[in-house]
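Colleague: One structure, as structure tokens, below. Some questions next.
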Amino acid sequence: MREVTYLEAIREALWEEMEKDDSVFILGEDVGAYGGAFKVTDGLLKRFGEWRCLDTPLAEMAIVGAAIGASLMGMRPVAEIQFSDFMISAFDQICNMAAMYHYRLGEPVPIVIRAPFGGGFRGGPFHSQCAEAWYCHMPGLKVVAPATPYDAKGLLKASIRDPNPVIYFEHKHLYRRIKAQIPDDDFMVPLGQAEVKREGTDITIVTYSAMLHHSLAAAEEIAKEGVSAEVVDLRTLSPLDKATVLGSVRKTGKALVVYEAHKTFGVGAEVSALIAEEAFTALDGPVARVASLDTPVPFSPPLEEAYLPNRDKILKALRDLAAF
């Protein structure tokens with residue numbers, strides 16, 4: 001076991017999969033000579049060369065289109081989109097091409113699109129969005145959003161080996177802030193499996209990505225008040241692990257869904273609907289949500305703090321739900 005950051009875990013997954021399989025290669029803006037905007041791909045050009053760590057023009061549609069074409073020819077490309085906000089430029093390629101090819105042709109499309117997302121670092125409205133719900137809505141795409149170094153590495157390795165297109169959302173705010181022990185052995189985290197990160201008996205918190213850490217902090221705090229909160233980390237957003245979510249809610253009887261994206265029409269809305277439809281008789285209170293405001297992400301630090309969910313907002317929602 002050794003300690004790595006969230007960022008280092010992602011780099012290790014890329015490195016190991018490229019060592020293991022010559023068909024795996026990386027392409028994107030500044031991924032080669034510069035080592036990536038956040039230095040995730042630093043060192044890969046030197047080790048694997050420019051044909052496997054490929055710098056591209058600033059053209060997201062071309063990046064994803066080239067990745068799709070390469071995958072149809074037997075390669076396993078990992079396309080980096082510098083900020084997830086810019087994936088919108090490749091929306092047609094992602095949703096009308098990558099997601100549809102297997103349905104239309106029966107051919108695998110083993111591509112991974114890595115997309116740094118999320119706020120908390122004063123990036124403003126064009127570098128901080130959480131648009132994961134758009135891609136979860138599209139049949140044919142798998143969507144993951146890890147919160148820990150172990151999950152970041154294990155889910156990326158599983159994504160690269162998967163025959164389907166996977167959107168891999170990595171949270172920028174976690175890159176160098178979160179550290180954890182991971183094993184030296186080769187391991188994967190299966191896609192489509194949530195994990196209970198904290199056992200509890202009174203309220204279930206369903207969350208993912210950076211909000212896991214705020215949720216765990218709120219759960220620790222409310223435990224001092226005699227309320228036991230269970231924290232479920234979705235890890236994979238599509239396909240959704242319904243069994244783990246419903247099992248936890250049926251045990252506790254109350255549910256709080258926490259996510260960083262805009263509250264309206266987000267992943268949390270789907271999770272809330274799932275609980276209401278399939279675990280209604282187990283509920284002892286309304287399904288509650290804590291999410292960001294339905295506005296663009298502010299650039300101003302105090303405004304961004306007001307916009308984003310945090311420990312205190314989650315704690316208030318837990319107290320309200322516990323008192324219901």
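The values are calculated or read from the model by the stated rules, or taken from the named source; none is laboratory data. Please read all numbers here as calculations on a predicted model, not as lab measurements. Positions of Cβ are generated from backbone atoms using ideal geometry, with glycine treated the same way; all protein chains shown enter the neighbour counts. The area values use the complete protein model at the heavy-atom level, side chains included, leaving out ligands, DNA and RNA. Shrake-Rupley method; radii C 1.70, N 1.55, O 1.52, S 1.80 Å.
Colleague: If R0 is 22 Å, what FRET efficiency do you get for M61 and E107 from their C-beta distance, rounded to 0.05? It would help to have the intermediate numbers written out before the result.
Modeller: Working: r = 21 Å, r/R0 = 0.93.
E(calc), rounded to 0.05, equals 0.60.
Colleague: In addition: Considering only protein heavy atoms and a probe of 1.4 Å, how much of the accessible area of the chain is carbon and sulfur, as a whole percent? Write out the running numbers ahead of the final one.
Modeller: Numbers: 7680 of 13480 Å².
Whole-percent figure for carbon plus sulfur exposure: 57.
Colleague: Here is a follow-up. List the residues whose amide H sits under 5 Å from the amide H of V143, counting only those 5 or more places along or on another chain, with H placed 1.01 Å from N in the peptide plane.
Modeller: Under 5 Å from the amide H of V143 lie the amide H atoms of I167, L237, S238, each far enough along the sequence or on another chain.
Colleague: Now, a different point. Report the charge-dipole magnitude of the stretch 144-261 in Debye, nearest 20, computed about the Cα centre from +1 at each Lys and Arg Cβ and -1 at each Asp and Glu Cβ. Please report the intermediate quantities before stating the final value.
Modeller: On the way: 15 positive and 16 negative charges, 36 e Å.
Roughly 180 debye, rounded to the nearest 20.
Colleague: Specify which residue in the list I182, V64, P309 is farthest towards the positive end of the charge dipole of the chain, using unit charges on the beta carbon of Lys, Arg (+1) and Asp, Glu (-1), about the Cα centre.
Modeller: Comparing the listed Cα positions along the dipole, P309 ranks first.
Colleague: Quick one: divide the alpha-carbon radius of gyration of the stretch 2-182 by 2.2 N^0.38 Å and tell me what you get.
Modeller: Values: Rg = 15.0 Å, N = 181, 2.2 N^0.38 = 15.9 Å.
That ratio works out to 0.94.
Colleague: 5 Å is the cut-off here: which amide hydrogens, built 1.01 Å from N in the peptide plane, fall below it relative to V290, excluding neighbours closer than 5 in sequence?
Modeller: Placed amide hydrogens put V257, V258, Y259 under 5 Å from V290.
Colleague: Might you report the magnitude of the Cβ-based charge dipole of the stretch 41-93 about its Cα centre, with Lys and Arg at +1 and Asp and Glu at -1, to the nearest 20 debye? Present the calculation step by step, with values, prior to reporting the outcome.
Modeller: On the way: 4 positive and 7 negative charges, 68 e Å.
With only Lys, Arg, Asp and Glu charged at Cβ, the dipole is about 320 debye.
Colleague: Only one of the values (i) -0.27, -0.93; (ii) -0.33, -0.98; (iii) -0.44, -1.01 was calculated from this structure for log10 I(q)/I(0) by the Debye sum over Cα atoms at q = 0.07, 0.13 Å⁻¹; name its label.
Modeller: Label of the calculated value: (i).
Colleague: Follow-up. Rounded to the nearest 10 Å², what accessible area does D30 have for a 1.4 Å probe in the complete protein model?
Modeller: About 70 Å², ignoring ligands and nucleic acids.
Colleague: Also, quick follow-up: Could you work out the local net charge near V31, counting Lys and Arg as +1, Asp and Glu as -1, over the other residues with Cβ closer than 12 Å to its Cβ? Don't skip to the answer; put the middle values down first.
Modeller: Details: positive: R11, K39, R52, R114; negative: E29, D30, D42, E50, D55, E80.
Here the count lands on -2.
Colleague: Per 0.36 nm of contour for each residue apart, how much would the distance between F280 and I88 grow if the chain were fully extended, relative to their Cα-Cα spacing?
Modeller: Numbers: separation 192, 0.36 × 192 = 69.12 nm, distance 3.62 nm.
Going from the current span to full extension adds 65.5 nm.
Colleague: Return one number: the angle in degrees, 0 to 90 and rounded to the nearest 10, between the long axis of the Cα atoms of helix 267-278 and the longest principal axis of the Cα atoms of the chain.
Modeller: So the helix axis and the longest Cα principal axis differ by about 50 degrees.
Colleague: What does the charge add up to near V297, with Lys and Arg as +1, Asp and Glu as -1, over the other residues with Cβ less than 15 Å from its Cβ?
Modeller: Numbers: positive: R122, K172, K263; negative: D85, E132, E260, D294, E304, E305.
Surrounding charge for V297 is -3.
Colleague: How far apart, in nm, are the 7 Å Cα→Cβ label points at D186 and H137?
Modeller: Result for the modelled spin labels: 3.9 nm.
Colleague: Which value, in Å² and to the nearest 10, is the accessible area of D22 when all protein chains are kept and the probe is 1.4 Å?
Modeller: My reading of the accessible area for D22 is about 120 Å².
Colleague: Another question about this same structure. Per residue, how many Å² of accessible area does the chain show with a 1.4 Å probe? Kindly include the intermediate steps, with their values, before the conclusion.
Modeller: Values: 13480 Å² over 324 residues.
Solvent-accessible surface per residue comes out at 42 Å².
Colleague: When you take every Cα atom in the stretch 113-193, what is the radius of gyration, and what is Dmax, the widest Cα pair distance, in Å?
Modeller: 13.4, 40
Colleague: Quick one: length gained pulling N310 to Q193 fully straight, 0.36 nm per residue minus the C-alpha distance? Walk me through the numbers on the way to the answer.
Modeller: Values: separation 117, 0.36 × 117 = 42.12 nm, distance 2.49 nm.
Net length gain for the segment: 39.6 nm.
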